[in-house]
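Down below is the structure, laid out as structure tokens.
The values are calculated or read from the model by the stated rules, or taken from the named source; none is laboratory data. A quick note: this is a predicted structure, and the numbers were derived from the prediction, not measured. Backbone-built Cβ (ideal geometry, glycine too); neighbour counts: all protein chains shown.
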């Protein structure tokens with residue numbers, strides 16, 4: 001029989017984490033699912049752990065393949081997925097027992113194309129989910145999704161990632177992950193957002209995003225990471241001809257903010273700063289041609305491009321003011 005949900009888990013050298021991740025799937029209160037685990041050429045004991053789960057629960061299906069990277073592993077799972085809905089889990093993270101029960105209820109009750117849960121970043125030692133408030137659904141139009149993704153900073157992390165979501169199979173269709181690292185999540189979700197008529201967000205934290213000690217997000221290259229994020233966003237812009245003017249405005253505001261962060265973060269990295277400066281014509285072209293962008297944002301952009309010393313002084317003033325306020329609050 002065709003399962004309701006297919007859960008796709010790419011695995012690569014995560015022996016210390018994968019058992020907990022797969023067990024959190026096995027413990028789901030919603031039971032009509034299949035889990036396609038793609039062992040992407042692991043050289044540690046990860047593959048054997050995956051086989052253990054498949055041996056005792058036929059809902060787990062394990063594929064062992066030569067290393068194709070995260071996008072390739074996900075695409076392998078999508079090619080054989082049977083479910084009417086598709087979800088993704090990273091093999092070093094873990095999920096709430098009610099995650100797919102709640103996501104499925106939300107997507108079916110609201111006739112949405114996509115359901116999105118809240119996310120909590122945790123360290124590898126943390127075990128328990130905190131109590132959630134009373135369950136609430138919030139339906140978002142496509143334009144509202146663009147706003148939450150590109151303008152609302154607290155929503156960004158749960159809009160850009162794929163692993164806190166449940167997708168209708170019809171929404172994904174023949175779409176697959178592009179072979180680019182980093183950024184495949186955001187570019188894939190950009191295509192989903194453009195195709196999506198409505199999404200539903202859930203006020204429950206159902207996904208624990210484990211921040212490992214060796215995570216790239218916390219590595220020494222944080223400043224350079226800001227430039228990578230700018231380039232990811234630029235790649236998402238290849239789809240801007242399919243956006244409305246208002247949606248392009250939301251996208252352009254984020255592009256400006258990412259440019260500013262990359263520029264400031266890389267002042268001591270001259271090679272990266274030079275690359276950031278090369279992105280300026282794109283940012284200007286996107287920004288000044290859009291009539292839906294508020295004047296205050298355009299004023300900031302003018303100051304940055306034509307009076308950068310004034311802009312930097314303005315930002316430094318507020319950063320110093322914020323640090324003083326934090327120090328006073330601690331006393």
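Can you name the residue in the stretch 1-18 that is closer than 17 Å to residue 48 by Cβ and surrounded by fewer than 17 Cβ atoms within 10 Å (Cβ to Cβ) and is also modelled with the highest pLDDT among such residues? Across the stretch 1-18, the extreme among qualifying residues is 15.
Residue under question is residue 263, and the condition is that it be assigned to a helix (DSSP H, G or I), closer than 17 Å to residue 151 by Cα and either within 26 Å of the chain's Cα centre (by Cα) or in the same structural domain as residue 235 (by TED's automatic domain parsing) (or both); does it hold?
Values: assigned to a helix (DSSP H, G or I): yes; closer than 17 Å to residue 151 by Cα: no; either within 26 Å of the chain's Cα centre (by Cα) or in the same structural domain as residue 235 (by TED's automatic domain parsing) (or both): yes.
No; evaluated as a whole, the condition is false for this residue.
Restricted to the stretch 57-81, and to residues that are in contact with a helix residue (DSSP H, G or I) (Cβ under 9 Å, 6 or more places away or on another chain) and more than 21 Å from residue 178 (Cβ to Cβ), which residue is surrounded by the fewest Cβ atoms within 10 Å (Cβ to Cβ)? Of everything passing the filter in the stretch 57-81, 57 is surrounded by the fewest Cβ atoms within 10 Å (Cβ to Cβ). The residue of the stretch 180-196 that is surrounded by the most Cβ atoms within 10 Å (Cβ to Cβ), among those that are part of a loop (DSSP other than H, G, I, E, B) and within 16 Å of the chain's Cα centre (by Cα), is 183.
The residues in the stretch 144-155 that are under 21 Å from residue 109 (Cα atoms) and touching a residue at least 12 places away in the same chain (Cβ under 8 Å) can be counted, and the count is 1. Counted as qualifying within the stretch 137-177 are the helices (runs of 4 or more DSSP H) with 1 or more residues that are at pLDDT 85 or above and in contact with a helix residue (DSSP H, G or I) (Cβ under 8 Å, 6 or more places away or on another chain), namely 142-150, 169-172. Within the stretch 138-162, the residues that satisfy the criterion of being surrounded by fewer than 18 Cβ atoms within 10 Å (Cβ to Cβ) and under 17 Å from residue 205 (Cβ atoms) are 138, 154, 156, 157. The set of residues from the stretch 236-252 being at pLDDT 75 or above, assigned to a helix (DSSP H, G or I) and touching a helix residue (DSSP H, G or I) at 6+ places or on another chain (Cβ under 8 Å) comprises 236, 239, 240, 242, 246, 247, 248, 250, 251, 252.
When residues of the stretch 184-226 are filtered for being under 30 Å from residue 23 (Cβ atoms) and at pLDDT 65 or above, how many remain? Let's see the steps before the verdict.
Going through the stretch 184-226, the residues under 30 Å from residue 23 (Cβ atoms) turn out to be 184-186, 188-189, 192, 199-219.
Subset that is at pLDDT 65 or above: 184-186, 188-189, 192, 199-212.
Count: 20.
Can you name the helices (runs of 4 or more DSSP H) wholly within the stretch 1-118 that have at least 3 residues being more than 20 Å from the chain's Cα centre (by Cα) and under 25 Å from residue 197 (Cβ atoms)?
On the way: elements: 18-26, 46-56, 69-80, 99-109.
Answer list for the stretch 1-118: 99-109.
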